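J.: Pasting a structure below so you can have a look.
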Amino acid sequence: MRIIRVKDDQEMSQKAAEMVIAKMRKNPSLTLGLATGETPIGTYRLMIEDHQRNGASYQQATTFNLDEYVGLPGENDQSYRYFMNKYLLDHIDIKKERTHIPDGNAADVQQECVTYERLIAEHGGIDLQIVGIGRNGHIGFNEPGTPFDTKTHIIELTPSTREANAKFFGRIEDVPTHAITMGIATIYASKEIIMLITGESKREALNNLIHRDINEAFPASALKRHPNFIIIADEAALGEN
Ligand code: F6R
């Protein structure tokens, strides 16, 4: 585990974008793992800027996202497909058929998990995975207690997660009850993992990640054993660390 200390969210985005862009230059057919959430938005913005200004091309690249809600079509503005199109994929020259997000609207979502896992394997695994972290240490939708050997699977959202997301959906009844997520083993199998962490609200999570033992009660701790796990964290999240 290597920690790169940065001043703020902007510098974190810059560092992360530089790393992704450098990898892409070296290997234009990179398989890139992507996350949704607030934290990577700045990184995606800088990737778009680089594409527009410097012509960096994603035509041969492939992407796999960490997760998606069950039951939401891609056109729903709360789906992660919608998010990814809006914040990155619609603004670079990647071929849409090479962008993968679990299909939360599949007729057989169990089968969709198996298919997703197989697709990742068929691409030779993920070269570089971007992840965020939840305040309770979750990665993807893998909440505390998720076994470290899980592959892509369906999870039931906890009442607190559904309550927290109700503001985006309008009513709690509209928040999906389930999601599809890469498992911890799926994420761990990536050749390189970059975790982005900013802000005081993530300080406790980062402190736990640095100091707590590797334990299923804190999902992100699984990554501590990974040989190429880099955390880019700002001062607000790092605190005294
Ligand atoms: C997103 C994901 C989540 C987020 C995490 C942090 O695809 O899988 O684990 O990375 O909840 O979210 P933000 O960045 O909004 O704090």
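The values are calculated or read from the model by the stated rules, or taken from the named source; none is laboratory data. Predicted, not measured: the structure shown is a model, and the values here were computed from it. Methodologically, a virtual Cβ is constructed for each residue, glycine included, from the backbone with ideal geometry; neighbour enumeration extends over all protein chains shown.
J.: Please enumerate the residues belonging to the stretch 136-164 that are under 14 Å from residue 186 (Cβ atoms) and surrounded by 14 or more Cβ atoms within 10 Å (Cβ to Cβ).
T.: Taking the stretch 136-164 as the starting set, the residues that turn out to be under 14 Å from residue 186 (Cβ atoms) are 139-142, 146-155.
Within the stretch 136-164, 139, 140, 141, 142, 146, 148, 150, 151, 152, 153, 154, 155 qualify.
J.: Next question, about the same structure. Testing residue 19 on (1) within 16 Å of the ligand (Cβ to nearest atom); (2) touching a residue at least 40 places away in the same chain (Cβ under 8 Å), one condition comes back false. Which one is that?
T.: (1)
J.: Of all the strands (runs of 3 or more DSSP E) wholly in the stretch 125-215, which have at least 1 residues that are under 12 Å from the mean Cα position of the chain (by Cα) and of a type in the set (A, V, I, L, M, F, W, C)?
T.: The strands (runs of 3 or more DSSP E) meeting that bar are 128-131, 192-197.
J.: Restricting the stretch 177-232 to residues that are of a type in the set (Asp, Glu) and within 15 Å of the ligand (Cβ to nearest atom), which is farthest from residue 39 (Cα to Cα)?
T.: Narrowing the stretch 177-232 to residues of a type in the set (Asp, Glu): 192, 200, 204, 213, 216.
Among the residues that remain, those that are also within 15 Å of the ligand (Cβ to nearest atom) are: 200, 204.
On the way: 200: 13, 204: 16 Å.
The extreme case among them is 204.
J.: If the Cβ limit is 9 Å and pairs must be 6+ apart or interchain, which residue in the stretch 36-60 that is under 20 Å from residue 101 (Cα atoms) pairs with which residue that is at pLDDT below 95?
T.: Correct list of pairs: 37/134; 47/56.
J.: Is the stretch 143-157 home to any residue that is of a type outside the set (Val, Ile, Thr) and without any contact (Cβ under 8 Å) to a residue 24 or more places away in the chain?
T.: Yes, the stretch 143-157 has at least one match.
J.: Report whether or not residue 167 is surrounded by 14 or more Cβ atoms within 10 Å (Cβ to Cβ) and more than 16 Å from residue 35 (Cβ to Cβ).
T.: no
J.: Can you name the condition, by its number, that residue 94 falls short on among (1) without any contact (Cβ under 8 Å) to a residue 12 or more places away in the chain; (2) not in a helix (DSSP H, G or I)?
T.: Condition not satisfied by residue 94: (1).
J.: Would you check if residue 36 is buried (at least 19 other Cβ atoms within 10 Å of the Cβ) and within 14 Å of the ligand (Cβ to nearest atom)? So that I can check it myself, show each step before the final result.
T.: Values: buried (at least 19 other Cβ atoms within 10 Å of the Cβ): yes; within 14 Å of the ligand (Cβ to nearest atom): yes.
When the stated conditions are applied, residue 36 passes them.
J.: While we're looking at this one, here's another question. Are there any pairs with C-beta distances below 9 angstrom linking a residue in the stretch 179-191 that is more than 18 Å from residue 161 (Cβ to Cβ) and of a type in the set (Phe, Trp, Tyr) to a residue that is modelled with pLDDT of 95 or more and assigned to a loop (DSSP other than H, G, I, E, B), with the two at least 6 apart or on different chains, and if so which?
T.: Close Cβ pairs satisfying both conditions: 188/148; 188/226.
J.: A further question follows. If you go through the stretch 22-33, how many residues are under 24 Å from residue 119 (Cα atoms), free of Cβ contacts under 8 Å to residues at least 60 places away in the same chain and either surrounded by fewer than 16 Cβ atoms within 10 Å (Cβ to Cβ) or within 16 Å of the ligand (Cβ to nearest atom) (or both)?
T.: The total comes to 4.
J.: Here is a follow-up. Of 80, 58, which residue is touching an Asp or Glu at 6+ places or on another chain (Cβ under 7 Å), within 11 Å of the ligand (Cβ to nearest atom) and modelled with pLDDT of 95 or more?
T.: Checking each option against the conditions leaves just 80.
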